[in-house]
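The values are calculated or read from the model by the stated rules, or taken from the named source; none is laboratory data. As the structure is a computational prediction, the values presented were derived from the model and not from experiment. Note that each Cβ is placed from the backbone with ideal geometry, even for glycine, and that neighbours are counted across all protein chains shown. Calculation scope for accessible area: heavy atoms of the full protein, side chains included, ligands and nucleic acids excluded. Shrake-Rupley method; radii C 1.70, N 1.55, O 1.52, S 1.80 Å.
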Amino acid sequence: MTTSPSTIIGRLDAYREDMKSAGLQASIVPRTDPHLSEYISSHWHCVRYLTGFTGSAGTLVVTLDGAYLWVDSRYFLQGEQQTRDTGITLMKEGLPGTPTIAGFLTSTLKAGDTVGIDGLLMSVQEARSLQGALSARDIKLDVNYTPMDRVWADRPLLPQDPVFIHDEKYAGESAASKLATLRDDIAKAGADAFFSSALDEIAWVLNLRSTDVPCNPVATSFLYVGPSEAVLFIDPAKMTAEANDYLAKAGVSTRPYGEALDYLKGIDSSVKVLLSGSKASWGVMTALDGHYVIGESPLQLPKAIKNAVQQEGIRQAHVRDGAAMVKSIIEIKHIMDNGGELTEIGVAEILERNRRKDGLFFDLSFESICGFGPNGAIVHYSATPESDTRLELNNLLLIDSGANYLDATTDITRTIALGTPSADMRHDFTLVMKGHIAIATAIFPAGTRGHQLDAMARMPLWKEGKSYLHGTGHGVGHFLNVHEGPQSIRLNDTMAPMMPGMLTSNEPGVYLEGRYGIRCENLVLTVPAMTTEFGDFLGFETVTMCPFDRVLFDTEIMSEAEIEWVNLYHRRVYDNVAPLLDENERAWLAEACAPLK
């Protein structure tokens with residue numbers, strides 16, 4: 001339900017009163033949790049409570065006379081809509097004239113003022129940078145400001161969902177084996193131990209899963225790994241006999257979740273504990289009182305490079321997911337072509353119903369994005385009962401959806417023409433697909449980073465003065481979070497090379513406000529391509545198995561090679577997916593995969 005502007009104004013007023021009591025002139029509220037997660041449990045939806053904004057990324061700054069919400073390009077339109085009439089100023093990141101949070105605070109506050117934040121909700125890197133900027137202007141940073149239990153009377157409790165073990169026949173490696181490798185990597189980093197706050201890393205290394213966070217099969221926990229001991233900090237109520245037994249065999253003991261910081265404070269000062277500068281919080285770092293090493297998480301890369309068992313699961317899951325997508329598209333088109341009524345929420349229900357029929361289905365991998373017409377131009381639009389729009393003919397439907405299966409995580413976007421698309425729609429769609437194909441067919445030397453590939457996807461749009469502001473590709477977990485690092489394909493460089501076994505999205509798009517949005521997304525595995533006298537070269541294997549809408553292609557602006565790629569891809573889709581369909585569905589798929597001319 002949408003929260004009324006008057007309710008939001010009242011909540012912000014109560015928050016300011018708490019700030020005044022604490023002697024603060026400003027406060028920062030990050031949209032995250034003590035694990036610095038992108039997707040969070042209801043207990044940590046503080047930004048949503050204070051602003052009404054439901055996007056997956058945003059940071060709120062509250063001053064004694066204002067409120068400011070920083071969002072990235074995915075949420076410019078949504079942010080404006082959801083904060084209208086609340087007095088909140090939307091700060092659009094990346095646009096000229098939009099200051100950083102540190103820049104805003106140093107230009108707004110005066111020497112001697114104090115900014116408050118919960119130190120568990122900001123990474124070491126971010127907190128150091130902010131503290132440096134503020135102290136240069138003699139502005140103080142209070143990292144122990146935790147007001148939400150006081151101002152949020154009916155705040156949800158932390159989740160207590162039980163955990164379970166992710167079977168090694170899907171994971172491909174035991175927790176004991178992963179921990180042994182981890183200890184070697186800790187030593188290579190010049191440390192004695194490692195502390196992880198990242199829920200997906202903990203889930204991966206221990207083969208442990210739960211349902212604490214919607215669409216992310218993770219368990220709320222911390223993990224300490226020393227030379228001979230390993231301790232999982234987790235609510236005892238969540239543990240099962242099977243999980244206790246599995247962890248014990250891997251040499252992992254458990255302690256209550258709330259004891260993590262006290263445990264760190266009790267570690268001997270001679271023990272150097274490795275922390276990730278981007279994944280460990282300021283609160284965790286300060287608990288170690290100086291005996292830590294800041295570096296990269298040694299779990300990030302092994303998690304991103306899928307082993308052979310995982311890669312095979314990824315291929316199989318995407319065939320089954322493709323069949324669910326095909327069945328859904330057939331149903332959507334049938335309703336529309338026969339004059340039926342269907343809304344965006346109805347589309348999401350069709351997608352979920354068809355995916356749930358899979359025996360290995362666990363949950364959606366994110367809340368389905370089904371945007372019709374103008375709503376498709378809102379990059380991460382999510383239909384609500386208030387915004388739910390009825391589909392009509394002669395416009396576009398953008399569907400971005402996915403699932404977590406026991407053997408893989410999927411993420412796919414298809415832009416579908418309802419009725420007859422306009423020439424502009426076909427032209428823009430084809431420009432996006434030209435960029436998509438450029439990434440799909442790229443061959444590049446080992447060591448190449450996604451930043452170096454990104455322009456290939458944008459060039460067809462750039463040539464016509466068009467673009468998109470989101471990244472072209474993000475890493476994808478294995479029966480885990482749909483967004484993971486370290487690799488990405490985007491304009492800003494994350495400095496992480498593409499490596500064999502990484503699973504990444506390929507999703508260029510274009511968005512015309514008030515008209516329609518287009519995005520075309522497949523997932524790709526990085527694979528070896530060739531070895532020459534110049535070294536090893538890599539490429540991408542497309543694993544997503546679902547046709548693109550043929551009526552949207554304008555072959556007049558496509559090269560023969562681009563047309564051939566689409567035809568070969570559609571042939572693969574038909575060969576893999578058709579055996580999972582009935583006779584009528586196979587006939588539809590055969591037509592949907594017919595060669596472009």
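Applying the condition of being out of contact with any strand residue (DSSP E or B) (no Cβ under 6 Å at 6 or more places or on another chain) and among the β-branched types (Val, Ile, Thr) to segment 413-442 and asking which residue is surrounded by the fewest Cβ atoms within 10 Å (Cβ to Cβ) yields THR420.
Each row is one residue, and each column tells you yes or no for (1) surrounded by fewer than 16 Cβ atoms within 10 Å (Cβ to Cβ); (2) not aromatic (Phe, Trp, Tyr).
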residue	(1), (2)
PRO528	yes, yes
GLY535	yes, yes
PRO547	no, yes
PHE553	no, no
GLU560	yes, yes
ASN567	yes, yes
ASP575	yes, yes
LEU580	no, yes
PRO595	yes, yes
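Counting only residues that are acidic (Asp, Glu), under 21 Å from ALA323 (Cβ atoms) and touching a strand residue (DSSP E or B) at 6+ places or on another chain (Cβ under 8 Å), how many does segment 340-398 have?
Residues meeting the conditions: 3.
Got at least one residue in segment 147-169 being within 27 Å of GLU296 (Cα to Cα) and exposed (fewer than 15 other Cβ atoms within 10 Å of the Cβ)? Within segment 147-169 (the criterion being within 27 Å of GLU296 (Cα to Cα) and exposed (fewer than 15 other Cβ atoms within 10 Å of the Cβ)), the answer is yes, since at least one residue qualifies.
So which of LEU60, LEU64, LEU69, LEU77 ends up being within 21 Å of ASN144 (Cβ to Cβ), of a type outside the set (S, T, N, Q) and out of contact with any Cys (no Cβ under 9 Å at 6 or more places or on another chain)? Spell out the reasoning first.
Working: LEU60 fails: out of contact with any Cys (no Cβ under 9 Å at 6 or more places or on another chain); LEU69 fails: within 21 Å of ASN144 (Cβ to Cβ); LEU77 fails: within 21 Å of ASN144 (Cβ to Cβ).
Just a single option satisfies the conditions, and that option is LEU64.
Looking at segment 303-326, I want the residues that are outside any helix (DSSP H, G or I) and have a partner that is open to solvent by 50 Å² or more (accessible area, probe 1.4 Å) with Cβ atoms under 6 Å, at least 6 apart or on another chain. Which pairs are those? Once the first residue is outside any helix (DSSP H, G or I) and sits in segment 303-326, its partners that are open to solvent by 50 Å² or more (accessible area, probe 1.4 Å) give ILE305/MET499.
Where in segment 190-259 are there strands (runs of 3 or more DSSP E), lying fully within it, with 3 or more residues that are touching a His at 6+ places or on another chain (Cβ under 9 Å) and surrounded by 18 or more Cβ atoms within 10 Å (Cβ to Cβ)? Spell out the reasoning first.
On the way: elements: 193-196, 222-225, 230-233, 252-255.
By residue number, no strands (runs of 3 or more DSSP E) qualify.
Taking the numbered list (1) at pLDDT below 95; (2) not in a strand (DSSP E or B) in turn, LEU480 passes all entries but (1). For segment 26-40, a tally of residues being hydroxyl-bearing (Ser, Thr, Tyr) and touching a Ser or Thr at 6+ places or on another chain (Cβ under 7 Å) returns 1. Summed over segment 108-145, the residues that are hydroxyl-bearing (Ser, Thr, Tyr), modelled with pLDDT under 95 and surrounded by fewer than 21 Cβ atoms within 10 Å (Cβ to Cβ) give a count of 1. Here segment 443-476 is the region considered, the condition is being assigned to a loop (DSSP other than H, G, I, E, B) and touching a helix residue (DSSP H, G or I) at 6+ places or on another chain (Cβ under 6 Å), and the residue that is surrounded by the most Cβ atoms within 10 Å (Cβ to Cβ) is THR472. For segment 163-177, indicate whether the set of residues that are touching a helix residue (DSSP H, G or I) at 6+ places or on another chain (Cβ under 6 Å), closer than 17 Å to GLU242 by Cα and part of a loop (DSSP other than H, G, I, E, B) is non-empty. The answer is yes; a qualifying residue exists.
Within segment 1-36, the set of residues being over 28 Å from ALA111 (Cα atoms) and open to solvent by less than 20 Å² (accessible area, probe 1.4 Å) comprises ILE8, THR32, ASP33, PRO34, HIS35. Looking only at residues in segment 82-107 that are touching a residue at least 60 places away in the same chain (Cβ under 8 Å), out of contact with any Asp or Glu (no Cβ under 7 Å at 6 or more places or on another chain) and surrounded by fewer than 18 Cβ atoms within 10 Å (Cβ to Cβ), the one that is nearest to TYR15 (Cα to Cα) is GLY87. Annotation: LEU69 fulfils all but one of (1) more than 18 Å from LEU12 (Cα to Cα); (2) under 28 Å from the mean Cα position of the chain (by Cα); (3) at pLDDT 95 or above; (4) not β-branched (Val, Ile, Thr); the unmet one is (1).
Might you check whether a residue that is in contact (Cβ under 8 Å) with a residue 40 or more places away in the chain, in contact with a strand residue (DSSP E or B) (Cβ under 9 Å, 6 or more places away or on another chain) and aromatic (Phe, Trp, Tyr) occurs anywhere in segment 548-565? The answer is yes, given that some residue of segment 548-565 is in contact (Cβ under 8 Å) with a residue 40 or more places away in the chain, in contact with a strand residue (DSSP E or B) (Cβ under 9 Å, 6 or more places away or on another chain) and aromatic (Phe, Trp, Tyr).
Restricting GLU341, GLU392, GLU349 to residues that are without any contact (Cβ under 8 Å) to a residue 12 or more places away in the chain, of a type outside the set (Gly, Ala, Ser) and outside any strand (DSSP E or B) narrows the list to GLU349.
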